[in-house]
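I have placed the structure first, in the form of structure tokens, so that the comments after it can refer back to it.
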Amino acid sequence: MRSIFTSLVFAAFLLQTVGALWSPPPLAAETLYVKTNGTKLRAEGSARAKVVTRLRIGTPVTVLMKTKRFYKVSLAGGRQGWIFKFKLTAKAPGAKKGGSRFAEVLGGRQQFSARESASGSSIRGLGPATRTYARNKGISAQSVQAVENMENYRVDLDDVDSFLQEGRLGAYAP
Amino acid sequence: MKKRFIIIILGVLLGVAAVGSASAFNLGGFLDEVEKQTRPPEKKQNPQPKARQPGASGGLIGLGENLGLFDKKTSNLLQQGAKTFQAFQPIGLEEEKAIGASLAARVFDRYGGPYNNPGLLRYVNLVGQAVAGMSDRTEVEYHFAIINTNEPNAFATPGGYVFVSIGLLRLLENEAQLAGVLGHEIAHISHQHALKTIQRGRRLQGISALGLAAFNENPEKFGRLIDGISDIIFTRGLDKDLEFEADKMGVEYAARVGYNPSGLRDFIRILGQKTRSGSIFFSTHPPPRARYDRLSRLVAGYRAAAGNPRLAERFRRETKGRL
């Protein structure tokens, strides 16, 4: 029984290796993912076309047609529109790679990769590890505050869009 | 022995068959299911302490030990092997941000603190966010700051922290050059260059595999990790292959936005002409001549983008009286 289980662990390792090396044949329809929050889905393939909706990061889309700068896509549910091609990526943002998942399955998540902070929530502001490090290294309180200010600084997505439009950049390039 | 061999072969065949029908097979989802089935049940009466738990851990190895299929010694050996494997996997984003924030504090402390000009900071952030939106890792939140030193330099720390010195901004001639510089730094983050360098090094490899809870509980180990990365970023510099890759991706990201791709190359030329050889920039990067030559060959491949704007006029307007 013991040797059978050890063999199964080894077989799981081989399964992962084969999975990592195998390149499956391409699918008929290409699935891409939205790269950034607020990405515009437009009625036509032009930066001046009406905005149908805004999409969240990681939204999967099926590519129907490609032009020089825009892709025609369909969403789950059948809605269609056009997206600036550099707002799409082949890999789902934030997806864990196979190796990381395999290690967690093999040895257990809590031991190898404690994803959550000690407080169990996503950190806003500098975490305890950073604060302790700064204190131990004699880094000034002003420098620590400067990092917090840097993290809290925001430019509005619409302002970035206007900035691109004014410079005839991004989706607004001729 | 024969039975074990048959089981291994069955496992491989199962894997090939499963992956071969990849249109329906999701390896990540499969592993998620296995992890759910092998996770130790949570005990409501006795909540798990935050410190490292004694006894068996989760996962397949933990399950095997719980079932008494192998002893503690074998379990420890298998755990060690799995840990070594894990050490080569990418660091998690929360851990990356903790590392990057600590290094960011060192940057401010070492290089004169922030340069306080709200208009200039906003402009650098607008260009930075435009370029970051075209990068290959947009799940990272990118932050941009100007440091108050006349030494021309730029830094990137893991987790999305990008710095450019006021000394560097004073050398720039147009917005395409700024986009190229920021693109280079963003590429260091999106391709995790500093973290990969640490993971390759034996001395800090095991530390970099720790999770955030372990960082909080082991400040000495965390401190050694940060000191190791600081040494790379501020003193030794990254491997020149990684710097060349950052140049290549910086040009690509700036071109995706629609800037003229020659921006970074032109800045390297200016830097080579106007900066003394003892500058920290030269000690942590390949020689400007080598970078300029490589960038020139790279830019030649962007024929379709040769007419893209450099936006010198907007750069002058946005920086006038602020540098």
Karplus-derived 3J(HN,Hα) from phi for segment B:297-311 (6.51 cos²θ - 1.76 cosθ + 1.60, θ = phi - 60°), whole Hz, x at Gly and Pro, runs 5, 5, 5, 4, x, 9, 4, 5, 9, 4, x, 5, x, 9, 6
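Quick check on the exposure proxy: order A:T31, B:T319 from fewest to most C-beta atoms within 10 angstrom.
Working: A:T31 13, B:T319 19.
If I rank by nearby Cβ atoms, fewest first, I get A:T31, B:T319.
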So, over other residues within a Cβ distance under 11 Å of B:G180, counting Lys, Arg +1 and Asp, Glu -1, the net charge is -3
So if I take the centroid of the Cα atoms in segment B:183-198 and the same for segment B:289-306, what is the distance between those two points in Å?
21
Take the cross-link list B:K274/B:K320; A:K137/B:K221; A:K137/B:K248; B:K196/B:K221; B:K97/B:K274; B:K248/B:K274 and give me the ones stretching past 25 Å between alpha-carbons.
A:K137/B:K248; B:K97/B:K274
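Expressed in nm to one decimal, what extension gain is obtained for the pair A:R48 and A:A76 from 0.36 nm per residue of sequence separation less their Cα-Cα distance?
Gain on extension, A:R48 to A:A76, equals 7.6 nm.
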Tell me, what is the FRET efficiency for A:L157 and A:R135 to the nearest 0.05, using R0 = 25 angstrom and their Cβ-Cβ distance as r?
0.10
A:T67 and B:K320 label points (each 7 Å along its Cα→Cβ direction) are spaced in nm at 3.7
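Grab the beta carbon distance between B:R122 and B:N66, set R0 = 60 Å, and tell me the FRET efficiency rounded to 0.05.
In this case the efficiency is close to 0.60.
None of the figures in this text is laboratory data; all of them are computed from the coordinates on show. Computed from a prediction, not measured in an experiment: that's the story for all the values here. Glycine gets a Cβ as well: all are built from the backbone with ideal geometry, and neighbour counts include every protein chain shown.
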